[in-house]
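The values are calculated or read from the model by the stated rules, or taken from the named source; none is laboratory data. Keep in mind that what you see is a predicted model, and the values were worked out from it rather than measured. All Cβ positions, glycine included, derive from the backbone under ideal geometry; neighbour counts span all protein chains shown.
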Ligand code: PMP
């Protein structure tokens, strides 16, 4: 607390990102990063962009990147907004589409940044409890509200929601915006990007941080009807017109054009995920069905928080949430085959002990 902060800043409850400790080399399975490198084309494009032109501002419209995305998704550039990571796209979306007079709906167990944005924007939240198996209760999301945000698949549970269910939620009220956060959709989920041509109240958000192996570059997208995209641009151009730097624009365009490479790495991650689930199930862990590059696990006999600390001592970082309903769960990112073997071995040792 400080006398120099204004009242709004006093009231903020900031998000706490997964730890990035520097004291030793850890196996990092705590922030859902991609264990494989960005495609060679991406690195070449970024290197090629390192030249004298860095003295000039980047394109505030990100026209080339939007054109590449439009081509890949069969949309028009007017359907696409680019942001500095999807967190920025989400924050701008909360500021653009939701209002303090009507609550925004999200699940009780979901990406914790939504609550932070709601708080920042002085919004009321209508928090919808997931059912006992951590599924989204579709009919509850069809009740009246000032907007909806759902990750598909959800985080940290990794479980997906069907396109038909999403359609129902969108159609329940054409006057409110429904945001589907597809940060993890490329690891086995079904994208609703094609539906933006059908529904003027649907905004789909994606990122290059996970599938694109570019968490360090900070690039996210929103897909929606031109009216929604124009709203996001009004907001962005009232804060910072140049959110995406020249190197990020070059690398992101190459990533969007190199889908084949990324499909292969995602398939590899899915295979590693299934193998990890098999091994953990043999040890008696319950694993929530995963469509993501992470898994959400619990064991009836072992305390998740204790396991989290013991794994950390062995140099393996996973994510533990001190939160009602999930305080005996761990979220584990899917790393490389070698990293997951080390994780499985460490867990087996702990469980035996
Ligand atoms: N949405 C969800 C559900 C996430 O888990 C994350 C990653 N923490 C993000 C969005 C943000 O990703 P980024 O800002 O790296 O694009």
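For this structure, a couple of remarks:
- In the set (1) modelled with pLDDT under 95; (2) part of a loop (DSSP other than H, G, I, E, B); (3) more than 16 Å from the ligand (Cβ to nearest atom), the condition left unmet by residue 36 is number (1).
- Matching option when the condition is touching a residue at least 60 places away in the same chain (Cβ under 8 Å) and either farther than 25 Å from residue 157 by Cβ or within 14 Å of the ligand (Cβ to nearest atom) (or both), among 77, 86: 86
- Matching residues, segment 44-67, being assigned to a helix (DSSP H, G or I), out of contact with any helix residue (DSSP H, G or I) (no Cβ under 6 Å at 6 or more places or on another chain) and without any contact (Cβ under 8 Å) to a residue 24 or more places away in the chain: 47, 52, 55, 63
- Residues within segment 211-235 that are in a loop (DSSP other than H, G, I, E, B) and within 12 Å of the ligand (Cβ to nearest atom), tallied: 9
- Considered as a group, the residues in segment 97-116 that are part of a helix (DSSP H, G or I) and in contact (Cβ under 8 Å) with a residue 40 or more places away in the chain include one that is farthest from the ligand (Cβ to nearest atom), and that residue is 97.
- Within segment 68-87, being out of contact with any helix residue (DSSP H, G or I) (no Cβ under 7 Å at 6 or more places or on another chain), in a helix (DSSP H, G or I) and surrounded by fewer than 20 Cβ atoms within 10 Å (Cβ to Cβ) holds for one residue alone: 71.
- Selected residue (only one of 217, 247 is surrounded by fewer than 18 Cβ atoms within 10 Å (Cβ to Cβ) and in contact with a helix residue (DSSP H, G or I) (Cβ under 7 Å, 6 or more places away or on another chain)): 247
- Qualifying residue in segment 279-286 (condition: on the phi < 0 side of the Ramachandran plot and assigned to a loop (DSSP other than H, G, I, E, B)): yes
- Enumeration of residues in segment 9-22 that are modelled with pLDDT of 90 or more and either closer than 20 Å to residue 313 by Cα or not in a loop (DSSP other than H, G, I, E, B) (or both): 9, 10, 11
- Qualifying residue in segment 166-175 (condition: at negative phi and touching a residue at least 60 places away in the same chain (Cβ under 8 Å)): no
- Some residue of segment 227-238 being surrounded by 17 or more Cβ atoms within 10 Å (Cβ to Cβ) and under 15 Å from residue 85 (Cα atoms): yes
- Counted residues, segment 280-297 - those being farther than 16 Å from residue 153 by Cα and surrounded by 17 or more Cβ atoms within 10 Å (Cβ to Cβ): 2
- Criterion violated by residue 145 - all others in (1) surrounded by fewer than 19 Cβ atoms within 10 Å (Cβ to Cβ); (2) touching a residue at least 12 places away in the same chain (Cβ under 8 Å); (3) more than 20 Å from the chain's Cα centre (by Cα) satisfied: (1)
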